[in-house]
Structure formats: C-alpha cells, structure tokens
1. I'd like to check which strands (runs of 3 or more DSSP E) are fully inside the range 77-196 and have at least 1 residues that are within 30 Å of Asp236 (Cα to Cα), in contact with a Ser or Thr (Cβ under 6 Å, 6 or more places away or on another chain) and at pLDDT 85 or above.
2. Can you list residue pairs whose Cβ atoms sit under 7 Å apart, with the first residue in the range 623-648 being assigned by TED's automatic domain parsing to the domain that holds His664 and without any contact (Cβ under 8 Å) to a residue 40 or more places away in the chain and the second being among the small types (Gly, Ala, Ser) and surrounded by fewer than 22 Cβ atoms within 10 Å (Cβ to Cβ)? Count only pairs 6 or more apart in sequence or on different chains.
3. Does Ser467 qualify as being over 29 Å from Ile516 (Cβ atoms) and either loosely packed, with under 14 Cβ neighbours inside 10 Å or modelled with pLDDT under 90 (or both)?
4. Please go through (1) free of Cβ contacts under 8 Å to residues at least 24 places away in the same chain; (2) touching a His at 6+ places or on another chain (Cβ under 6 Å) for Glu394 and return the number of the only condition it doesn't satisfy.
5. Kindly list, by first and then second residue, each pair from a residue in the range 505-518 that is in a helix (DSSP H, G or I) to a residue that is modelled with pLDDT of 85 or more, limited to pairs with Cβ atoms under 7 Å and residues at least 6 apart or on different chains.
6. Assuming Leu426 fulfils every condition listed in (1) outside the structural domain of Arg489 (by TED's automatic domain parsing); (2) more than 21 Å from Thr322 (Cα to Cα); (3) buried (at least 18 other Cβ atoms within 10 Å of the Cβ) apart from one, which condition is it?
7. Among the residues of the range 384-399, is any touching a Ser or Thr at 6+ places or on another chain (Cβ under 8 Å) and outside the structural domain of Thr295 (by TED's automatic domain parsing)?
8. Say we look at the range 297-327 and pick out the residues that are aliphatic (A, V, I, L, M) and in contact with a Leu (Cβ under 9 Å, 6 or more places away or on another chain); which of these is surrounded by the most Cβ atoms within 10 Å (Cβ to Cβ)?
Amino acid sequence: MNNKELNNPDSELAALNSQTESEKLAAVLRYSPAIILTVDRQMRIQSINRVRAGLTVQDVMSTSCLDYVLPEHRDRLETYIKEVFKTGESVSYEIQGRGDHDVPAWYSTRLSLLSKGTANEQVLLVTEDITERKMADEALHKSEKRYRTIVHNIPGMVYRAYTHEWKAEIISGAESVCGYSEDEINCMPHGWLHIIHPEDRNMVRSNSSFLLKKPQMLIQEYRIISKDGQIRWVEDRKTSIFRETGAFESIDGIVLDITERKRLEAEIGLRSEILFQMAEGTNMVRSSDNEIIFTNPSFDRMFGYGPGELIGKNISIVNAHTLKDPVETANEIRRALAAEGSWHGELQNVKKDGSTFWSAATVFPFDHREFGLVFISIHTDITESKRVETALRESEERFRRAIIGSPLPVIIHAEDGEILAVSNMLTTLTGYAHKDIRTMSMWTDKVFGQKSQEMFEFIQKLFERDSIDEGGEHDITTKSGKTLTWYFRANPLGKLPDGRKLLISMALDITERKRIEEDRIERKSAERAMNNVLMEIHDGIGGITTNITMLSEVAKKAAKPEDAEKALNTISDLARDGMVEIRSLMYSLDREDLSWRSLIAEMRNQGTRLLEPHAVTFTMTADIEDNIQSPGSHLCLNLFRIYREALMNVIKHAKATKVMASFHVDKERLVLMIQDDGKGFEQSALMGSGRGVGNMMARASTMHGRVAITGDRGTCVTIEMPVQLKVISG
C-alpha cells in the first residue's frame with residue numbers, strides 16, 4: 001500500500017476489508033488515537049503503533065521507554081513496569097511526559113502483561129493523551145477557587161433568591177453591609193426584605209418583578225436599616241437566571257454599601273454646583289494632549305464662547321501670542337507644577353472675537369479617574385486692574401519725575417525710615433545724593449548734627465498725623481559744612497502696597513530771606529539805638545548845658561564874689577560831667593572797631609578816671625568767649641549807663657578804698673559784677689534809695705536783663721543781660 005492510498009480513507013477501508021485478522025489488528029493499532037507499545041524487561045520498546053511528531057518508528061524501536069517520560073516521572077514508570085512483570089496484574093496511572101515537539105503533555109496509561117510465562121513476556125502500555133482534559137479540569141478547579149475567593153472577598157453581600165417572594169439565601173458578606181450575620185437574615189420571616197427601609201420596599205419589589213419575565217440585569221439603589229439602627233444606602237446588582245427550558249431558576253445578586261459614595265456624590269454635586277456658579281472661570285485640560293475637557297459657564301463667558309463650545313479644543317486656542325511664546329509659558333507652568341505642585345501667575349488670553357485680556361491664573365494637577373492626569377485652571381479677569389495698575393505706574397513715574405525735578409528740596413520716605421526718592425534740588429543744595437541718604441537716620445545724622453536724634457523722633461511722630469504739618473524753621477549743615485536755614489513742611493501720602501505709611505517732606509531754603517530779615521531788624525535796632533542816643537543827648541547833655549547856662553547867669557548877677565565862685569565851681573563840675581557823658585555817648589555810637597574787648601577797655605578807663613581822684617583803687621577782669629559778634633550800640637549805651645551809676649554810688653555812699661569789677665560774655669548772656677569794700681547797707685534801705693537804683697533796674701529791664709544788689713560785705717552790683725548773638729563761622 002503506497003502513501004497515496006494511505007491518505008485516502010475510502011481506499012484504506014477497502015483495504016481493511018480484504019485483510020486478514022492480524023492485518024486488521026495491525027491496521028486498528030495504526031489508526032488508534034492511543035499510543036500502544038510493548039516493552040521488555042529492560043524497558044526497551046519492542047513495538048509501537050505510532051510516535052509523536054518529529055520521530056519515526058525506527059527512531060524509537062529498541063530504545064528505553066523511560067527516555068520519553070519527564071525525568072521526575074521515570075522512577076514511577078519503571079516501578080509500575082517491574083510490578084506488572086512481577087505480579088502479572090494490570091496497573092493504571094496518569095503521568096506527564098513529552099508531547100509533540102517536546103511540549104509537556106499529560107497521559108493516562110494502562111499496563112498489562114503479554115505472553116505471561118513465556119520467554120517472550122512483554123508489558124503492553126496503552127497511553128492516551130489527556131492533556132486537554134487535564135487542562136479543563138485544572139481550569140475548572142482554578143475557576144471554582146477564584147469564585148470562592150471572589151465571593152468571600154467581595155466588599156458586599158452575595159445572595160441568591162429562588163422565588164418572587166424574596167426569600168433569599170444570603171451566601172456571604174452580610175455583616176459588612178448591614179451588621180447582621182447571614183444566619184440572622186436567613187432566619188428572618190421575610191429575609192432581606194425585612195431590612196429594607198419601609199419607604200423603599202414597594203419600589204424594590206415592584207422594579208424587581210421584571211426580572212421574573214426574562215433573563216436580564218437590574219441595578220437598584222435604596223436604603224436599609226442596619227443592625228445598629230442607622231440608615232445606610234446600598235446598591236443592589238442582580239441578574240435573573242433561566243434554565244434552557246425557559247423556566248425561571250433564580251436571581252443572583254450582590255449588595256454593596258454605598259453610604260459613603262452617596263455622601264461624596266452629594267458633596268461632589270454641591271461642589272459641581274459651586275463650580276458652575278462661581279464667578280471665576282475654571283477649565284480642565286488633559287495633560288496628554290492639552291485638550292479642554294471641561295469649562296464652567298464663567299470661563300465660557302470670560303472667553304466669549306457658548307456652553308460646551310470649547311470642549312475638545314486645544315488649550316492654545318485661548319492663549320494670546322505675546323513676547324513670550326505660548327509653548328515657553330506652558331513649559332514654565334509644567335516645571336512649576338513638577339517642583340511646587342501648583343503655579344500662580346498672570347496670563348494674557350485671547351477671546352473668540354480676537355480681543356485680548358489679562359487674567360490671574362492658578363493651575364494645579366489632578367488625577368482624574370476617567371481622563372488620567374489633568375490640569376485645572378482657575379482664572380480671574382484682571383484686565384481692569386491691569387489697566388489701573390498701568391495707569392498708576394505711569395502716574396507714579398510722572399510723580400517721581402516731578403519730585404526729582406522739583407525746584408524745592410523734597411524727600412519721600414516711609415514709616416520704617418526708608419527714603420524712596422529725593423529731588424535733584426536737595427542734592428544740589430546739600431551735596432547729598434539718594435545713595436548717600438538711604439534712610440532718615442542717615443539724613444538726620446548728616447544735616448542736623450547734635451540735634452539728629454531729636455529731629456529723627458520728631459519726623460517719626462509725623463506719621464501719626466493725618467494732615468499737613470508745618471515743621472518750622474531748622475538749620476541744616478550741608479556736605480561742605482555750610483549752614484542753611486530751611487522751612488520744613490510734611491504731608492501724608494497714604495500707604496504703600498506693603499502697608500507702610502508714606503510721607504512727603506518739602507523744604508524752602510530761607511537762608512537769604514533770613515539774612516535780609518536780620519539785616520532789616522538790625523537796621524531798625526540801629527535806628528532805635530540812634531534815637532535813644534539822641535534822647536540821651538537831649539536829656540543828659542541838654543540838662544547839663546541848661547544848668548551851665550542858668551549858673552552862668554547867676555554868676556554874672558552875683559552880688560558877692562563867693563557866690564560867683566561857687567557858681568563857677570558848679571559849672572566846672574557840670575562841664576566835667578558833660579565831657580564824660582559825651583564820651584560815653586560817642587563810644588556807644590556804631591562804629592566799625594566796636595568789639596567786646598574795646599568796650600571793656602573803655603569801661604576800665606572810665607572806672608579808673610572816676611574812682612582814682614577819690615582815692616579808690618580800681619581793677620577789672622574780663623572773660624570773653626571766642627568767635628562771637630560785636631555788641632550793638634543800644635546794649636553798650638545801656639550797659640555804660642548802669643555801670644557809671646554803680647560807680648557813682650560807690651563815690652557818693654560806699655566810703656570804699658577798693659573796687660573790683662569782673663566781666664563775662666558768652667553766646668547766651670553777659671554778666672558784669674562790681675564789688676567794693678565799703679560799708680555796705682541794710683537790704684531794707686534799698687527800698688528807699690533814690691532814682692539812681694531805679695534807673696539802673698529800668699535800663700536792664702529794657703534789655704530783658706536784671707540788676708541784683710547786695711550789701712552784707714561791701715556793696716556788690718550784678719548786671720545780667722541776654723545777648724542774641726550768632727557764632728562767627730570759620
């Protein structure tokens with residue numbers, strides 16, 4: 001029989017019919033699905049009906065049958081074969097070996113002894129490939145195991161109901177849902193239906209009745225009353241099962257506790273409503289492709305689109321093209337999200353109509369259960385505030401330029417002492433630029449000298465006021481050491497964005513005006529002094545000359561020579577007094593060489609001339625502070641009058657032999673003290689003294705001074721007067 005005939009079933013059957021019984025047996029063995037072989041006591045294959053793919057009968061003949069079994073099963077097979085040879089009893093077993101192309105396969109093998117008791121004893125092995133059956137059994141086992149595992153690990157209650165009366169068998173998970181055990185529910189009169197909330201029972205039964213009509217699935221949400229009395233929400237997923245005959249069999253279901261989900265849904269619903277109603281524009285963009293997947297109504301209105309019109313569009317559709325590339329901005333935002341978890345900034349956007357606007361945006365990532373990683377953006381339209389900010393910035397720049405270019409010295413400073421700006425005029429007048437005076441303490445230290453702390457505290461108190469403050473006149477010292485007089489004024493400017501109060505301090509340089517004013521006052525003072533001198537001349541010299549004239553007439557008409565001589569002696573005394581008066585008046589007149597030292601020299605000369613003719617010695621000491629201006633004529637005149645009156649009182653009343661005078665003058669006052677060694681006087685006698693003491697005190701009073709007279713150890717006259725003098729610079 002050739003190969004072509006073997007491959008033709010009809011020819012093969014015809015051939016079988018014409019064969020002998022042994023030939024028929026050989027043909028049956030050849031076409032049997034089982035592998036049939038015989039082995040001798042050495043385990044060698046003596047015959048085999050067929051072999052696995054990749055081998056031929058000639059390849060396996062006389063080889064060990066153990067070579068075709070997996071190593072871990074060889075000992076077992078060898079034991080079975082030896083046992084059959086020994087006992088003659090058949091043995092059946094399952095073993096794993098190599099299948100086609102060396103793929104592991106399962107085999108069921110039956111071993112029987114042939115030609116027992118003969119020299120040709122062999123063991124017959126009939127082996128069937130049961131790999132598919134074993135795989136099916138294993139799959140079934142795994143499926144049952146998975147089912148048991150799933151049922152016992154389902155976070156819910158598994159049940160099976162057999163009738164429409166809802167007498168369900170609770171299989172597992174009851175306590176996790178309602179607190180009752182499976183047995184407790186199964187023993188209840190109406191089972192699970194007893195636990196359903198009374199208000200929901202009819203709905204559950206009515207809707208579930210459709211399951212009895214045909215195979216279908218139903219999902220219900222309803223309330224139950226748990227064992228502890230709490231009301232809980234459950235989701236009941238159930239499917240009706242029908243037999244092949246169409247008869248109803250059961251309803252299989254699972255009940256899940258969804259109380260927390262219901263709470264979250266309510267919360268999410270509230271949040272969604274808030275999201276839709278909030279004034280800020282909110283959108284959600286998928287990270288993978290930058291596609292917009294959500295916008296709230298405020299976002300749609302903000303960008304000029306209708307509801308849902310932006311969904312599915314790329315986010316770049318709303319990004320304006322500015323100096324910064326949109327891709328660069330997006331990368332910047334992504335870097336911030338990766339580093340900090342969120343991004344805050346300002347974005348320029350484009351509306352549907354092409355117009356642009358600014359928004360303050362906050363972007364943060366969110367892991368969405370449906371869309372994966374998304375970016376949520378919240379936008380607030382700040383176009384108007386940006387416009388105001390720009391206008392404010394321009395206004396501030398104009399204000400800054402106005403301050404810097406102001407014709408007056410100006411300082412803008414904050415309550416913490418920071419100086420924000422100074423005018424060019426302040427720098428021109430003082431020599432200090434903004435870099436030299438960054439704080440008010442630096443400014444006060446440089447220009448107010450010893451009054452620095454006092455002026456700094458005064459300036460700080462200005463921040464407590466809400467209105468313009470007239471700071472008054474103050475002297476400042478420039479960088480070059482020059483002294484200027486400024487009139488200050490301060491005005492509050494509100495607050496900086498960081499909350500600090502702001503103040504503008506302006507000054508008017510009145511140095512020249514003060515000099516002119518002082519010159520005018522000095523001229524008026526000189527005029528008053530001249531008038532006083534003229535009055536002194538009129539009252540003093542005029543009185544003396546009148547007396548001389550009258551005494552001359554008396555002398556001419558005197559009948560006796562002694563009367564004429566007496567009148568002439570008096571005229572002589574009056575003439576001397578007149579000369580002294582004229583000398584003092586002449587000295588008091590303004591002249592270029594008038595100074596404190598020349599004044600003291602004249603007073604020393606006058607003391608010597610008045611006292612020494614009366615046998616009274618006179619000494620005078622002087623202490624004059626350096627660098628002060630010369631005395632005025634009005635002061636000299638009054639000082640001379642008081643001084644001369646004090647010396648005349650020594651001559652007339654003291655009976656002294658010695659007079660000591662001391663003179664002290666500084667920037668604030670002068671003190672002249674005249675002490676004699678005479679008899680002194682009782683203090684009570686001073687009240688009744690003549691016009692001389694009264695005149696002394698009156699003259700001192702006109703100079704805002706005073707005269708003090710004591711008489712316990714001789715007589716001491718102390719004259720003290722304030723002097724309004726300026727220190728001479730340099």
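1. On the way: elements: 91-98, 104-114, 122-129, 156-161, 168-172.
Here the list reads 156-161.
2. Ser630/Ser595
3. Values: over 29 Å from Ile516 (Cβ atoms): yes; either loosely packed, with under 14 Cβ neighbours inside 10 Å or modelled with pLDDT under 90 (or both): yes.
Here the answer is yes, as Ser467 does meet what is asked.
4. (2)
5. Close Cβ pairs (under 7 Å, with a partner that is modelled with pLDDT of 85 or more) amount to Thr511/Leu484; Thr511/Thr485; Lys514/Thr485.
6. It fails just one condition, (1).
7. In the first step, residues of the range 384-399 are kept if they are touching a Ser or Thr at 6+ places or on another chain (Cβ under 8 Å); the result is none.
No: zero hits.
8. Across the range 297-327, the extreme among qualifying residues is Val318.
The values are calculated or read from the model by the stated rules, or taken from the named source; none is laboratory data. Just so you know, these numbers come straight off a predicted model, no measurement behind them. Positions of Cβ are generated from backbone atoms using ideal geometry, with glycine treated the same way; all protein chains shown enter the neighbour counts.
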